[in-house]
1. Is any residue of segment 12-31 close enough, with backbone N under 17 Å, to a label point placed 7 angstrom from the Cα of Ala111 along the Cα-Cβ axis, and if so, which?
2. Give me the number: length gained by fully extending Leu142 to Leu55, i.e. 0.36 nm times residue separation minus the C-alpha to C-alpha distance, one decimal in nm.
3. So if I take the centroid of the Cα atoms in segment 65-106 and the same for segment 173-200, what is the distance between those two points in Å?
4. Count the lysine pairs in the chain whose Cα atoms sit under 30 Å apart, keeping only pairs 8 or more residues apart in sequence or on different chains.
5. Treat each spin label as a single point 7 Å out from the Cα along the C-beta direction, and report the Gln70 to Asp192 distance in nm.
6. Would you mind classifying the chain by shape? Square roots of the alpha carbon gyration tensor eigenvalues, ordered a ≥ b ≥ c; an a/c under 1.5 is rounded, otherwise it is prolate if a/b is larger than b/c and oblate if not.
7. Taking the Cα centre of the chain as origin, work out the dipole magnitude from +1 charges on Lys and Arg Cβ and -1 charges on Asp and Glu Cβ, in debye rounded to 20.
8. With unit charges on the beta carbon (Lys/Arg positive, Asp/Glu negative), name the residue among Pro90, Ser108, Ile28 whose Cα is farthest towards the positive pole of the charge dipole of the chain.
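Just so it is clear, none of the values below were taken in a lab; they were calculated from the coordinates. As the structure is a prediction and not an experimental result, all values here were calculated from the model. Ideal geometry is used to build each Cβ from the backbone, glycine not excepted, and the neighbour counts take in all protein chains shown.
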Amino acid sequence: MSSVDWFPIQLSFQVAFIATGVALLMGIFLAWVLARLKFLGKEWIDAAITLPLVLPPTVLGYYLLVVLGQRSPLGKSFERFFGFQLTFTPLAAIIAATIHALPLMVKSVRAAFEEVDPVLENVARTLGATELRLFITITLPLCRRAVMAATVLAFARALGDFGVTIMIAGNIPGKTQTASVAIYDAVQAGRDNEAFWLVVIISVLSVFILYTTNKLGKSRGI
């Protein structure tokens, strides 16, 4: 185990934590919009958000590479403004993990929001509660277990991303090499001992994450 490079594990956790935080904020907002508002094209937006769940990761990674690459308007603008390219950086790994985790967050939280009894919300409205106060004091507390479970699953999904990450962040040891990419690289290079211990570490963490999710689900009576 002494031969294991801990940088990919450390980077994976950093990327997963940041990506999960972003996915949580975006996911709650998008889930509320899809669950509560009625507008033309809502299901098309839902389909677009869900697309990363069904697209092959390399296909999704290719799309992101086209959109964020140095030749794209967005990529050129980012490099001109910040002084470095967006792709093949830790930031690109965070973007990849966020997009990989966001659909799971939105689908789970939207389902939870739609299960909230509208009578409770209507009563709060008649008592003068604003939509923001209603959301913070009624809707979100009633869905907290579902949100927590979705957050844990989103973290696990972000932690294990491979296809999208390697497409837009690459495999640069000590810079963008996450744990899943490091496992692939170790196997390809014949470093079986390193690959074994990385797999063990990720597997143990994944079991713990799934156990936590199941405990949260049982607390909701699922």
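1. Answer for this model: 27-28, 31.
2. 28.1 nm
3. Each part's Cα centre sits 24 Å from the other's.
4. Count of close lysine pairs: 5.
5. The two pseudo-label positions are separated by 4.0 nm.
6. oblate
7. Dipole magnitude for the chain comes out near 480 debye.
8. The residue sitting farthest along the positive end of the dipole is Ile28.
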